[in-house]
Amino acid sequence: MRAVLKYAALGLVAALMLLPFADMFVGALRGPRDVFANPPNYFPVEPQWSVYARVFDELPMGRWLFNSVVVTLTITVLQVATSTLAGFALAKYDFGGRDAIFRLVIGAQMFPFFLFIIPIFFLLRYVPLAGGNGLTELGGSGLLGTYAALVLPFIVTWYGVFLMRQFFVTIPDDLLEAARLDGASEFRIFRSIALPQIAPAVWTLALFAFVYHWNEFIWTMTVTRSAPELQTLPVGIFLLEDQFNTLDQKSLQQAALAVSVAPVIFLFIVLQKRFHAATETG
């Protein structure tokens, strides 16, 4: 009986969490007949399946989707690389200033990214020899209006470094010393011995990074207002919000939102087992 109640409660919580996503996917299929029915039809009588094709015909969804994939995957790969390398060094090497760097990593997590938007914006604008800037005359746009502007501020994540360091600490030093005695290089030890030991944590970090930067909005909108060709899905859909003022266009907006959420849901399903293994290990 206890097991039945447990799974019933879990099922109820899961249903409540999935309800907004289901409403978004189903809502795009409702036509005027369903909306103005009394009472309104939750499940459409005549689903408008064509609305998902119209998203790609009437909106630049292909370009937004391409930008989101390129930017998000690049940031995710770079964050995993920098976090694992830095975390391994902080956990397994004894060097001067290591503790100070680790304190910096912990302290830096207290400051949200939006505090640094203006300084980073000007740093990227005044990069010499980029975007019309000279070596000393910096009157151009620098790296603004490029993919580099969307990626560079996020190649290192303090949380990722901290998370990887905490997992690398759990690996016995004797295991690494045995590899050194066998003649393995430091990078070989990192790649072939240490990294596989914390693989679930690496996949978890990759999932967190992908979801966050797939939905990242403030910095992307700041950089791409003057470069619409670089807009990602969240920014593109938001900037067109004022144009969705009829019932038909509202369905189109919901369909666009559903398309933007689908890759994240798919990725979470694919990596669910790895994520679960990491939570059990942690």
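Just a few scattered comments:
- Selected residue (only one of Ala256, Ala262 is out of contact with any helix residue (DSSP H, G or I) (no Cβ under 8 Å at 6 or more places or on another chain) and at pLDDT 85 or above): Ala262
- When Leu85 is tested against (1) out of contact with any Asp or Glu (no Cβ under 6 Å at 6 or more places or on another chain); (2) surrounded by 13 or more Cβ atoms within 10 Å (Cβ to Cβ); (3) not assigned by TED's automatic domain parsing to the domain that holds Phe167, just one condition goes unmet, and that condition is (3).
- From the options Phe168, Phe208, Phe187, residue that is in contact with a Gly (Cβ under 7 Å, 6 or more places away or on another chain) and of a type in the set (Phe, Trp, Tyr): Phe168
- Exactly one residue out of Phe21, Phe36 is at negative phi and either in the same structural domain as Ala262 (by TED's automatic domain parsing) or at pLDDT 75 or above (or both), and it is Phe21.
- Qualifying residue in segment 206-226 (condition: in the same structural domain as Ala91 (by TED's automatic domain parsing), over 28 Å from Leu59 (Cβ atoms) and buried (at least 16 other Cβ atoms within 10 Å of the Cβ)): yes
- Meets criteria (touching a residue at least 60 places away in the same chain (Cβ under 8 Å) and either of a type in the set (A, V, I, L, M, F, W, C) or closer than 29 Å to Gly236 by Cβ (or both)) for Val80: yes
- Odd one out for Leu65, checked against (1) outside the structural domain of Gln249 (by TED's automatic domain parsing); (2) closer than 30 Å to Pro200 by Cα; (3) at pLDDT 80 or above: (1)
- Among residues of segment 39-62, those that are assigned to a loop (DSSP other than H, G, I, E, B) and either modelled with pLDDT under 85 or in contact with a His (Cβ under 7 Å, 6 or more places away or on another chain) (or both), counted: 11
- Residue that is farthest from Leu163 (Cα to Cα) [pool: residues in segment 88-115 that are of a type outside the set (A, V, I, L, M), in contact (Cβ under 8 Å) with a residue 24 or more places away in the chain and surrounded by 12 or more Cβ atoms within 10 Å (Cβ to Cβ)]: Phe113
- Reported count of residues in segment 182-194, each being of a type outside the set (Val, Ile, Thr) and crowded, with 18+ Cβ neighbours inside 10 Å, is 2.
The values are calculated or read from the model by the stated rules, or taken from the named source; none is laboratory data. What you are looking at is a predicted structure, and each value in this text was computed from that prediction instead of being measured. Note that each Cβ is placed from the backbone with ideal geometry, even for glycine, and that neighbours are counted across all protein chains shown.
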